[in-house]
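A short write-up of the structure that comes next.
The values are calculated or read from the model by the stated rules, or taken from the named source; none is laboratory data. Not measured: the values here are computed from a predicted model. Ideal geometry is used to build each Cβ from the backbone, glycine not excepted, and the neighbour counts take in all protein chains shown. Each accessible area value is taken on the protein alone, full model and side chains, heavy atoms only, with ligands, DNA and RNA left out. Shrake-Rupley method; radii C 1.70, N 1.55, O 1.52, S 1.80 Å.
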Amino acid sequence: MIRLRAIWWRVVAVVRYRSLETELDEELRFHFDQLVDEYARAGHEPAEARRRARLRLGGEEQVKESVRDDRGLPWLESVFRDVRLGARRLLRQPSFTSVVVVTLGLVLGASVLVFSLLRGVVLRPLPYPEPDRLVRVFETHPTVAEFPVSPLNLVDYRNEVTGFEMLAGYTRQDLELSGDGEPQTLAALRVTPDYFEVLGGTPVIGRVFEDADTVDAAKVLLISDRLWRTRFATDPDIVGRQVQVNGAAWTILGVLPAGFQHVGGNYRSTGHGETVDAWWPVELSAEKVRRNWHYMNVVGRLADRIEAHVGEQELIALAAELEARYPETNSGWRVRVESLHDRIIGGRGELMALLTAAVAFLVMIGCVNVAHLLFARSLARRRELALASALGAGRGRLQQQMLVESLLLSAAACVLGLFLGWLGVGLLLRLMPSDFPRLHAIHVDGLVVLFTVALSVAAGLLFGVAQCWRLQPPTLAESLSEGGRTIGGSLWTGRRGVLVALEVALATALLVGGGLLLRSFQLIQVTDWGFEPSSVLTFEVNLPQQRYAEESDVVGFYGRLGETLGALPGIESVGGASYLPWTGWDENSGFDIIDDPIERESSPSARFGAVHPGYFESLGIELVAGRFPALTDDADAPLVLTVNQRLVEEFMPHRSPREVIGQRVSLWGDEVEIVGVVGDVVDQPGDLVPRSALFWHFGQKSFRRQSMVLRVEPGLNPTSLSVAVRRAVAELDPQLPVSAVQSFDDIAAANLAERRFLLSLVSLFALLAVFLAAVGVYGVLAYSVHLRRRDLGIRMALGAAASQVCRLVLGQGLAWALVGLVAGLGLAAVLSGLLKSLIFGIAVLNLPTYAAAALLILGVCTVASGVPAIRASVTDPLETLRED
Amino acid sequence: MEGDGEIMTRKTGMEMIQGTLDLLVLQTLAALGPMHGYGIARRLEQVSDEVLSLNQGTLYPALTRLSQRGWIDSVWGTSDNNRRAKFYSITGAGKTRLEREREDWQRVSSVVNRVLSEPVS
């Protein structure tokens, strides 16, 4: 108890330091005055009385010191004092302080950036209950590694499986909302009722689907919180409200909460996140759907304590059973199970690793620079330290001072770094592709701040300890005389040279990485993509069943639309297709080549779609043989088909495209004649191989959903025609929503966004690293020259030419840089594995890139070494010899 | 300086009793009521026959310690000759402490006396 009270008293004393000092001062003065009076009364002279009084009381400062030791928390007070003194000392050397703080701040900012990324994307659990029990299920076939699931198979799996608690299915099918307000296309998913249970989504109001709702006639839907707020103004009576969907009256059953995130998927799905506006039930009955249609995405929850691979085995066994039961549709089909976590985040692993490595390099380079600066400065203070030591400062005390100073610097750098990092994250989010996984979760949160603070404290301690350790308090005599100091120079040159080489190596490696990414990005952009994306405007229209029941209605509408759009000013040509390149469409169909000379195990299969006349021309896709679709290919004309070059290469390999014209194939039960072969377009920029594709001609097979393509006149901004386009559609049908109005450049940019983002970050880091390394080379060399100035001065006085001195210094700098360069190139080669999946079109050991990086580093280091070299050569030797 | 040797012995003498200085201060305050630092120092010198005449400064850390532990209190007042001074007084807890320490001390010293009074062979 007493001890506690004593400690508390001491803490209070620290706070009340100043007033207690004043009191003590006054108290001691009183005591002293009393003693002086005493001696004066005893007959002493005033001066003598004072002397004796001083002896009797003790030295004033010493008494105060011993009181202070007992009164406060002396250690804490000494730390405060060091902080004050240290801050003052640092502020008196603004250039030194600012260089250190800015260097450390920059590298800390970079690490805040990367760590925020890691934290948001990788280090955060998925927003579902027990997320590690969630998996995605796919079906596989010898011809395809991963395929959506057949809904009828799904029904059987659900009924018979035991290793899974639930298997829910979802597939995207957007809804057209009309009625009060603008017609709007809702991003919608058709789901099995257990979808919400699997993901732990409980409606805010209303209820989820029950089995009774899963008939097409039910016309019920659930909406998202966002839609509730934006479209329905958070109507409290939303449950049971009727709305116009797809031209009919539907009932809203409930609202899902904000923060409920979809699991995503590559096919017939929206991305991961709060990307869904509405959910409606899917019907899985054998009458409506065929077993060999695969279009369901499946997300499942494993039963308690069942591992994913065990569940997978069970499903595979079930698939084999189904194969026996339904040999025509299920032969060869099996199952694959993948954890949801891997699915959402996977593939970004290399990207994350690369960024982490890059920022680690940057931090190391920054720290080496700062360490050297601090060390150089502490050497310069040897005199001051020797004096302090002679006056009684203990070694521990001096070390504490140095440590406090280092921590002050790193604290300032931490604040700067957090600020820069926060800015950087904001910028980053704008750069990043919108479909980057968990984009919404990336921000500077508490953990990131904590990490940065810890990092800066560690750096501060490291620097402080390094300084103390290396610096033996020199003897007074040693440091007060500055003569004969050539020793100090060479003692450290070796070790400093290693550090400089290290910096150069890291910077080189980063530069090579950045260079490879840059080259790859450039290649993507100049690769012949098979079409011309600039000056193209696109938009999507989906005709509802109710008002366009017959195929002739659909064909008629799009025909009129094509005419209207073609007449708009600024339009060069118009076309349409059921899907556009680079949008991820991937619906395939089997077909049979009539009189096929090749024996095949299974039918050839290719991506299918329907195109309007004018589509290929508008996109600038090349005609390889035959003819483009024409208006004469209508319902009365013979059925015709256009295929792409890849299809010919893949399935009719020994024939040229021209020979293929006239070939008949069987597709969807019809006999069709190939009349045209067009150039290939890859799925995604950066893909190396295009997929086989065949195209119906729109007059003969129509799809309700079409993407219209308009080529605008060169020089015109495609999006400037958006309003005219919407008006044209509205004239033909005012209730028809128009969605996804964008220029193809935007689609292209979105696809390349992830690469561009990575490139930007790594380039930034690389440039920063090179700059810091150059500063490091310059600094170390300049300092070494400074230490050796007497030596060099003597040389010059004895007849060495200025150029010789210059060459000497330059040579030293370049020697270190060369060692670092070679090491860096080696390091880059070793780490190039990290880049393999991120680079397109070039080998990771691409010689020109390495050579370019080497040249740049060499050039920078030459300049960085040149400056101190030239300065050394122009100093007057007499001056250096004179100073002591 | 006159009496250098004396100064040395006296200084050592003061430090040896450093530990019990706290006790002596408490006793002084208990017996004579509130006093300022100078007064306490003078009193200790008188009682100890001038052994404790130097380094009166060592009193002040002791006063600080005693205040910390709550055994003495302090208040600013005016001295006899109208100067401002800090007056210390013993607290209730201090009195308890004093009693206990006195008992301990007496016990210890009686044992030591007994041991030391044994005849030397």
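Counting protein heavy atoms only, the range A:276-331 has 52 percent of its accessible area on carbon and sulfur, 1.4 angstrom probe. Length gained on full extension, A:T140 to A:N266, computed as 0.36 nm times the residue gap minus the Cα-Cα distance: 43.8 nm. Legend: residues A:R334, A:R726, sorted from most to least accessible area (1.4 Å probe; ligands, DNA and RNA excluded), read A:R726, A:R334. Per-atom-type breakdown for the range A:340-466 gives carbon and sulfur 72% of the accessible area (1.4 Å probe, protein chains only). When only Cα pairs below 8 angstrom with a gap of at least 6 residues are kept, chain A shows a relative contact order of 15 percent. Here the spin labels are modelled as points 7 Å beyond Cα on the Cα-Cβ line, and at A:H440 and A:R560 they lie 4.0 nm apart.
For A:L123 and A:L431, FRET efficiency with R0 = 25 Å and r from the beta-carbon atoms, rounded to 0.05? Plugging the Cβ-Cβ distance into 1/(1 + (r/R0)^6) gives 0.75. Comparing Cα centroids, the range A:560-618 and the range A:664-688 end up 8 angstrom apart.
In summary, the lysines within cross-link reach of B:K95, defined as a Cα separation below 30 angstrom excluding same-chain residues under 8 places away, comprise A:K64, B:K11, B:K86. Couplings 3J(HN,Hα) of the range A:250-262, computed from phi: 10, 10, 8, 8, x, 10, 7, x, 5, x, 7, 10, 6 Hz, in residue order, whole Hz [Karplus 6.51 cos²θ - 1.76 cosθ + 1.60, θ = phi - 60°; x for Gly and Pro]. The HN-Hα couplings worked out from phi for the range A:154-169 by the Karplus form 6.51 cos²θ - 1.76 cosθ + 1.60 (θ = phi - 60°) are 4, 4, 5, 4, 4, 5, 9, 7, 10, x, 10, 5, 8, 10, 9, x Hz, whole numbers, x standing for Gly and Pro.
A straight chain from A:A852 to A:V689 at 0.36 nm per residue would run longer than the Cα-Cα distance by 55.7 nm.
Contact-buried residues of the range A:24-71, at a threshold of 50 Å² lost accessible area versus the chain by itself: A:E26, A:E27, A:F30, A:H31, A:Q34, A:R56, A:D70 (1.4 Å probe; DNA, RNA and ligands ignored).
Taking accessible area as the heavy-atom solvent-accessible surface of the protein chains with a 1.4 Å probe, which residues of the range B:20-41 lose no less than 10 Å² upon going from the isolated chain to the full protein assembly? Residues passing the criterion (a loss of at least 10 Å², heavy atoms only) are B:H36, B:Y38. Using a 1.4 angstrom probe on protein heavy atoms only, the contact between B and A buries about 2600 square angstrom of accessible area, both sides summed. When the range A:188-296 is described by a simple charge dipole with +1 on each Lys and Arg Cβ and -1 on each Asp and Glu Cβ, the residue from A:V255, A:T230, A:Y195 located farthest towards its positive end is A:T230. Close amide H pairs (under 5 Å, H built 1.01 Å from N) link A:V678 with A:V624, A:V643, A:N644, A:Q645, residues at least 5 positions away or on another chain. Take A:F164: with every protein chain present and a 1.4 Å probe, its accessible area is about 10 Å². Full extension of the chain between A:T329 and A:R627 yields a length gain of 103.7 nm, computed as 0.36 nm times the residue separation minus the alpha carbon distance. Here the range A:11-126 exposes an accessible surface that is 60 percent carbon and sulfur, computed with a 1.4 Å probe and the other protein chains kept in place. Dipole magnitude for the range A:239-354: about 280 debye, using +1 per Lys or Arg Cβ and -1 per Asp or Glu Cβ, origin at the Cα centre. Annotation: aspartates and glutamates with alpha-carbon distance below 12 angstrom to A:K288 (same-chain offsets under eight excluded): A:D216.
Take A:Q244, project a point 7 Å from its Cα along the Cβ direction, then tell me which residues of the range A:548-580 have their backbone nitrogen under 16 Å from it. Flagged as within label range: A:548.
Taking the longest Cα principal axis of chain A as reference, the axis of helix A:847-874 is set at about 20 degrees. The residues of chain A have, on average, 46 Å² of accessible surface per residue, using a 1.4 Å probe with all protein chains present. Since only A:L284, A:F840, A:G58 are under comparison, the one whose Cα sits farthest along the positive direction of the charge dipole of chain A, derived from C-beta charges on Lys, Arg, Asp and Glu, is A:G58.
If R0 is 45 Å, the Cβ-Cβ spacing of A:D746 and A:R92 corresponds to a FRET efficiency of close to 0.25.
Both radii were evaluated on the Cα set of the range A:35-119; the Rg over Rh quotient, with Rh as the Kirkwood radius, amounts to 1.45. Each principal axis of the Cα cloud of the range A:606-722 was evaluated for its coordinate range; sorted largest first, these ranges are 45, 38, 22 Å.
When peptides A:760-773, A:798-811, B:65-78 are sorted by average Cβ neighbour count within 10 Å, with the highest value leading, the order is A:760-773, B:65-78, A:798-811.
Normalised by 2.2 N^0.38 Å, where N counts its residues, the alpha-carbon radius of gyration of the range A:539-620 equals 1.43. In this structure, the amide hydrogen of A:R336, modeled 1.01 Å from its nitrogen in the peptide plane, lies closer than 5 angstrom to those of A:F138, A:E139, A:T140, counting only residues at least 5 positions away or on a different chain. Counting only alpha carbon atoms, the long axis of helix A:308-325 and the longest principal axis of chain A meet at about 10°. Using θ = phi - 60° in the Karplus curve 6.51 cos²θ - 1.76 cosθ + 1.60, the 3J(HN,Hα) couplings for the range A:640-646 round to 10, 9, 10, 10, 9, 4, 4 Hz; x is entered for Gly and Pro. Taken about its Cα centre, chain A carries a charge dipole of roughly 5820 debye when the Cβ of each Lys and Arg holds +1 and the Cβ of each Asp and Glu holds -1.
Helix A:722-732 and the long axis of chain A differ in direction by around 30°, with both axes built from C-alpha atoms.
So if R0 is 51 Å, what FRET efficiency would A:S837 and A:R397 give, r being the distance between their Cβ atoms, rounded to the nearest 0.05?
For R0 = 51 Å, the calculated efficiency reads 0.40.
Close amide H pairs (under 5 Å, H built 1.01 Å from N) link A:D634 with no residue at least 5 positions away or on another chain.
Candidates B:S109, A:A567, A:N588 compared by Cα position along the dipole of the protein assembly as shown: farthest toward the positive end lies B:S109, with charges placed on Cβ.
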